[in-house]
4 protein chains.
Amino acid sequence: MRSNQALRELIEAVTNRPGYSRYVGTRIGEVSAGKVAMRLDRRPELLQSSGYFHGGVISGLADHAAGAAVTSALPPERFCLTVNLQVNFLAPADGVRLEARAEAIKMSGSVCSADVRVFSLRADDSETLCAVAFVTLRVVSMPAAPDASPARGAS
Amino acid sequence: MRSNQALRELIEAVTNRPGYSRYVGTRIGEVSAGKVAMRLDRRPELLQSSGYFHGGVISGLADHAAGAAVTSALPPERFCLTVNLQVNFLAPADGVRLEARAEAIKMSGSVCSADVRVFSLRADDSETLCAVAFVTLRVVSMPAAPDASPARGAS
Amino acid sequence: MRSNQALRELIEAVTNRPGYSRYVGTRIGEVSAGKVAMRLDRRPELLQSSGYFHGGVISGLADHAAGAAVTSALPPERFCLTVNLQVNFLAPADGVRLEARAEAIKMSGSVCSADVRVFSLRADDSETLCAVAFVTLRVVSMPAAPDASPARGAS
Amino acid sequence: MRSNQALRELIEAVTNRPGYSRYVGTRIGEVSAGKVAMRLDRRPELLQSSGYFHGGVISGLADHAAGAAVTSALPPERFCLTVNLQVNFLAPADGVRLEARAEAIKMSGSVCSADVRVFSLRADDSETLCAVAFVTLRVVSMPAAPDASPARGAS
């Protein structure tokens, strides 16, 4: 079992590699084995035309947090790739910040899954549940096998 | 029934408003009532750490295309908001371009849905099906009702 | 707001109408506004070939419980029909009883949703989370509108 | 590659084992490698309270057909277990018969998936698309590994 500090370093390293997750400004919140929170601050380029966080941005944050939560509960040298993403939008994400809280709820050597709650936070830190997501991932050794479906960031 | 040209203008106007869809570079492909294709060119900030299009980017494009396909088949002054998004990743999106082809498969006055196939295109225009998505949307008059869950771009 | 007793009577009436839910032996557990539990005892005709509860049976119980949970939080004379069902199987349902615990997590006048946890219970009442489901429903007045998609029991 | 006749015999053997699929009266339609159709005739115990096929019954048929479609494209001695089921209901299943047409759209040694269209057929054989489902499955050797999530019939 890696320490929470080691887990955080792993997740920060992956999140900060050049690419989408760094580009949109993903920040890491609480981390422990099997549980990871990720945050995004409001920026004009992350919004849809009504001024709320865009569904794709919410989906991407949920996916990244789910991948990190599952990876954090896997043995070292094992990673995961998203198989599918079910995202249910419940309320407008009209806050100043998004926070996705992911929890691994099924671990195995082949297929894992995580439950994610995404909150929209206001300037006063009050929050609204704006989406729930369920993410299924498959475990791979690094580097990914050739039939990988690697539509993800945390791997 | 609006002409395809009028539909294209509507969809272009929504896509080109300031925000996520314009920012990532969404371009509009074929448009007819109930069917819309959307494209994204490869850019470093849209990729995950293995160099493929990020799952959130694929999800956002599928969502935007689905919203446009349904909106294009609604009466004028009616729009739609995403209720949920089911995205299944099938192969690495390792091409130079993504294209999401959305088709409205259920229209009604309240809840609609669209089926989306997302392809990864190579420089020689050969393509691989990299994801399939099913998107459920609800119909609203403009402006959206207060209980809206507007995690979307095309509305 | 109806009393829990009135809600139970409503849900029992729907569940006990001739049809699938009565036929498979659905029993009603805890009921309060927005929360309903439903149970099924193990019977050979509800199992798949390895001797576990069949995925269709788990899905049907989750759907029925979700519909009841949402209906119990709607005003009288309003009902709901399932729009979609996302069922994630986590462990073999090898117990003597299934229990689906549904909670309405989004209520509105048009589209509602419920989160469902399905447990497999052993003879000693220990339990395993065997599936999680997310169910989206749309609200209708009774009788259902002609474009209804009424693939459900609790309506 | 097994012959279509060998595939049909395999699928019939699994479907006709004691349990849910046989009990509800599942019949096998067209079979080829990667494509399987399954049918159910209307019976009172398969309906919900409005007289349409119940959502759980539709889900179970889609699941069983998906499992058979994927199994039919796997090497002998390999089977599959459902990971998740996304079922979208589009129209009332008010016909005399259901037919689920499943097609494997992603095959690999670990995770596979199938797209399913479910039709409601009237006495004159006209048909309505009443549901679309997407099913993700994982591949196992027979017998299933201990972390199996075997909520299915075709395995």
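The values are calculated or read from the model by the stated rules, or taken from the named source; none is laboratory data. Predicted, not measured: the structure shown is a model, and the values here were computed from it. Using ideal geometry, Cβ is built from the backbone for each residue, glycine included, and neighbour counts are taken over all protein chains shown.
Quick look at the numbers
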item: Filter result (out of contact with any helix residue (DSSP H, G or I) (no Cβ under 7 Å at 6 or more places or on another chain), more than 7 Å from every other protein chain (Cβ to nearest Cβ) and within 15 Å of B:Ser113 (Cβ to Cβ)) within the range B:72-83; result: B:Ala73, B:Leu74, B:Leu81
item: Those residues of the range D:87-101 which are surrounded by fewer than 24 Cβ atoms within 10 Å (Cβ to Cβ) and either part of a strand (DSSP E or B) or at pLDDT below 95 (or both), in sequence order; result: D:Arg97, D:Glu99, D:Arg101
item: Qualifying positions in the range C:9-20 - buried (at least 19 other Cβ atoms within 10 Å of the Cβ) and touching a strand residue (DSSP E or B) at 6+ places or on another chain (Cβ under 8 Å); result: C:Ile11, C:Thr15, C:Gly19, C:Tyr20
item: Conditions (1) touching a residue at least 24 places away in the same chain (Cβ under 8 Å); (2) part of a strand (DSSP E or B); number of the one not met by A:Arg117; result: (1)
item: Scan of the range A:102-114 for residues that are assigned to a strand (DSSP E or B) and surrounded by fewer than 22 Cβ atoms within 10 Å (Cβ to Cβ), ordered by number; result: A:Glu103, A:Ile105, A:Lys106
item: Condition met for D:Val14 (touching a residue at least 60 places away in the same chain (Cβ under 8 Å), under 14 Å from D:His64 (Cβ atoms) and out of contact with any Asp or Glu (no Cβ under 9 Å at 6 or more places or on another chain)); result: yes
item: In the range C:58-68, residue nearest to D:Gly56 (Cα to Cα) [restricted to those that are small (Gly, Ala, Ser) and either assigned to a strand (DSSP E or B) or facing another protein chain (nearest Cβ under 7 Å) (or both)]; result: C:Gly60
item: Qualifying residues in the range B:33-49 (those that are assigned to a loop (DSSP other than H, G, I, E, B) and closer than 23 Å to B:Val83 by Cβ) - the one farthest from the other protein chains (Cβ to nearest Cβ); result: B:Ala33
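Yes/no per residue for (1) within 11 Å of another protein chain (Cβ to nearest Cβ); (2) part of a loop (DSSP other than H, G, I, E, B); (3) surrounded by fewer than 23 Cβ atoms within 10 Å (Cβ to Cβ):
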{"site": "D:Arg22", "(1), (2), (3)": "yes, no, yes"}
{"site": "D:Val31", "(1), (2), (3)": "no, no, yes"}
{"site": "D:Gly51", "(1), (2), (3)": "yes, yes, yes"}
{"site": "D:Gly56", "(1), (2), (3)": "yes, no, no"}
{"site": "D:Val70", "(1), (2), (3)": "no, no, no"}
{"site": "D:Leu85", "(1), (2), (3)": "yes, no, no"}
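Every residue, every condition in (1) touching a Phe, Trp or Tyr at 6+ places or on another chain (Cβ under 9 Å); (2) aromatic (Phe, Trp, Tyr); (3) at pLDDT below 95, yes or no:
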site	(1), (2), (3)
B:Leu10	no, no, yes
B:Ala13	no, no, yes
B:Pro18	no, no, yes
B:Arg27	no, no, no
B:Val36	no, no, no
B:Leu40	yes, no, no
